[in-house]
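The values are calculated or read from the model by the stated rules, or taken from the named source; none is laboratory data. Just so we're clear, the structure is a prediction, and the values are computed from it rather than from any experiment. Positions of Cβ are backbone-derived with ideal geometry, glycine not excepted, and every protein chain shown enters the neighbour counts. Each accessible area value is taken on the protein alone, full model and side chains, heavy atoms only, with ligands, DNA and RNA left out. Shrake-Rupley method; radii C 1.70, N 1.55, O 1.52, S 1.80 Å.
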Amino acid sequence: MAVCENLEKCPFYQGSMSIESGLGKMYKQKYCEGDKTTCARYMVATTLGKQFVPTDLYPNMDARAKRIIEENK
């Protein structure tokens, strides 16, 4: 799998969480370097636009991402 094109500038890692250790590193491996299409942030950004991605949306919050998408269609 290809690395997510948003990884370097992803606001989640710029302020919310370190990408080099702990949970941040696990998220990076699973979503950013794995299957980016399962990342909640990626789902919202690619469907509605980056401006619809809440700052507190974690990559694993896919149920919340689906609600955001449904509410804003």
Summed over the other residues with a beta carbon less than 9 angstrom from that of M43, with K and R at +1 and D and E at -1, the charge totals +1
Among [x] 23, 13, 11; [y] 20, 12, 11; [z] 41, 13, 9, find the value of semi-axes √(5λ) of the Cα gyration tensor in Å that was calculated from the structure presented, and write down its label. [y]
Relative contact order (percent) for the chain, with alpha-carbon contacts under 8 angstrom and 6 or more residues of separation? 28 percent
Mind checking which lysines have their C-alpha under 18 Å from K9, skipping anything on the same chain fewer than 8 residues away? K25, K28, K30, K36, K50
Suppose only helical runs count, i.e. DSSP H with n ≥ 4. What mean residue ellipticity at 222 nm does that imply for the chain under -39500 (n - 2.57) per run, divided by all residues and rounded to the nearest 500 deg cm²/dmol? -9000 deg cm²/dmol
Using only Cα atoms, find the angle between the long axis of helix 62-71 and the longest principal axis of the chain, and express it within 0 to 90 degrees, rounded to the nearest 10. 30 degrees
Could you give the length gained by full extension between K25 and K66, i.e. 0.36 nm per residue of separation minus their alpha carbon distance, to one decimal place? 12.4 nm
Heavy-atom accessible area per residue - segment 18-73, 1.4 Å, Å²: 62 Å²
Neighbour-limited loop hits for GluC sites (Glu not before Pro), segment 2-59 (at most 11 other Cβ within 10 Å; DSSP other than H, G, I, E, B): E5, E20
How large a share of the accessible area of the chain, in percent, is made up of carbon and sulfur atoms when the probe is 1.4 Å and the other protein chains stay in place? 52 percent
